[in-house]
1. Can you find, among I122, I80, T55, the residue sitting farthest towards the positive end of the charge dipole of the range 32-133, where Lys and Arg contribute +1 and Asp and Glu -1 at Cβ?
2. Of all trypsin sites (Lys or Arg not before Pro) in the range 81-136, which ones are in loop regions per DSSP and have a Cβ with at most 13 other Cβ atoms within 10 Å?
3. Could you list the residues of the range 31-66 with an amide nitrogen less than 18 Å from a label point located 7 Å from the Cα of M127 in the Cα-to-C-beta direction?
4. Where the convex hull is taken over the Cα atoms of the range 32-133, what is its projected area averaged over directions, in nm²?
5. Which residues does a label at E116 reach in the range 34-52, if reach means a backbone N under 18 Å from a point 7 Å past the Cα toward the Cβ?
6. Mind checking the range 78-136 for chymotrypsin sites (Phe, Trp or Tyr not before Pro) that DSSP puts in a loop (not H, G, I, E or B) and that have at most 15 other Cβ atoms within 10 Å?
7. Taking 7 Å along the Cα-to-C-beta vector as the label spot, tell me the T90-K68 distance in nanometres, rounded to one decimal.
8. So the label point goes 7 Å from the Cα of V77 along Cα→C-beta, right? Which residues of the range 53-70 then have their backbone N under 11 Å from it?
Amino acid sequence: MEGTCIKHRVKKSKIQVDRKIIEKTLEDTQVEKQVIVHCLYTDKNNNWQIQICKTTYLYDRDSSHKSKLITAYNITVEPIWQDYRAGMTTKFTLVFSGLPKSCTSFDLFEETDGGEFYSKKITRNNMDVYTVNIRS
């Protein structure tokens with residue numbers, strides 16, 4: 001059967017997808033946002049050891065959202081301790097999961113039984129990179 005050609009036609013259908021489903025899908029596929037917090041900590045009175053606990057979070061001041069600690073640089077994460085000398089300023093960086101778009105300010109707080117680090121009322125910026133002085 002020389003020169004035989006089979007032709008078929010695809011009928012175009014009009015499928016409509018709810019706009020809310022499209023928006024939700026786009027939200028779910030966006031790259032995960034992260035918040036970077038550069039921390040400065042100085043204690044002029046005590047020689048001791050420091051660490052950051054895994055239970056350190058960023059708390060959105062306007063909602064119940066809390067961003068989890070992903071990783072830390074230049075500070076040990078529990079259960080490992082690092083030495084600290086009085087008067088020395090320790091600089092370390094914490095990386096957290098993203099904050100909600102609606103967040104305008106947040107608190108950094110380490111949930112622990114004692115000696116926790118914190119920094120309150122950090123004003124949100126468009127880069128989500130911050131430098132804070134840590135208190136204990």
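Just so it is clear, none of the values below were taken in a lab; they were calculated from the coordinates. Keep in mind it's a predicted model, so treat the numbers as computed, not measured. Here Cβ is always computed from backbone atoms with ideal geometry, including for glycine, and neighbour counts include all displayed protein chains.
1. Sorting the options by dipole projection puts first I122.
2. R85, K101
3. 33-40, by backbone N distance to the label point.
4. 6.4 nm²
5. Under 18 Å, as judged by backbone N against the label point of E116, lie 50-52 of the range 34-52.
6. Taking the range 78-136 and a limit of 15 other Cβ atoms within 10 Å, the loop chymotrypsin sites (Phe, Trp or Tyr not before Pro) found are W81.
7. Taking the two extended label points, one gets 2.4 nm.
8. 53-56, 69-70
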